[in-house]
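Single-structure report; data block below.
Any read-out appearing in this document is the output of simple, stated calculations on the displayed coordinates, not a laboratory observation. Just so you know, these numbers come straight off a predicted model, no measurement behind them. Positions of Cβ are backbone-derived with ideal geometry, glycine not excepted, and every protein chain shown enters the neighbour counts.
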Amino acid sequence: MSEPYTPPEPQQPGQPRYQQGQYPDPQYQQGQYQQSPYSQTPSGAQPYQYGPTAPTNVLAIVALVSAFFIPVAGIVCGHLALGQIKRTGENGRGLALAGLIIGYVLTALILLLIVLAIVIPIFILGTVGTVNGVETF
């Protein structure tokens, strides 16, 4: 058993508080310290080590970026990337899906704008030429 703690004697000015190898608390003798039971791993368990991660699929990145500028290219690259990811196990499935979704949404919006750009002028020109159901041409 260790000796009880005794406070150090008052020190003289200019003198170091503790001499080399002396510690005020007996549990902290030179080279000894008390470990917390929480810092140790369970019996036989190894600490978790991170291994190398799989690379991100390049086509998935291309799909996401190109979906904003050329939506059809985003759709094509997204489908190709999903096939490669399934085959090789690379990362980037979320990027490929985001490229596909953004590509499909923007393609649908562009097609809707084209249809409206054609239909609205035809509708306006068709109604301008009639007054009270009688054609004025």
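Quick notes on this structure:
- Two-site FRET efficiency, residue 101 against residue 125, from Cβ-Cβ distance with R₀ of 35 Å, rounded to 0.05: 0.40
- Residue 49-residue 88 pseudo-label distance in nm [points 7 Å out on the Cα-to-Cβ vector]: 2.7 nm
- Extended-chain gain in nm, criterion 0.36 nm per residue less alpha-carbon gap, residue 118 and residue 58: 17.8 nm
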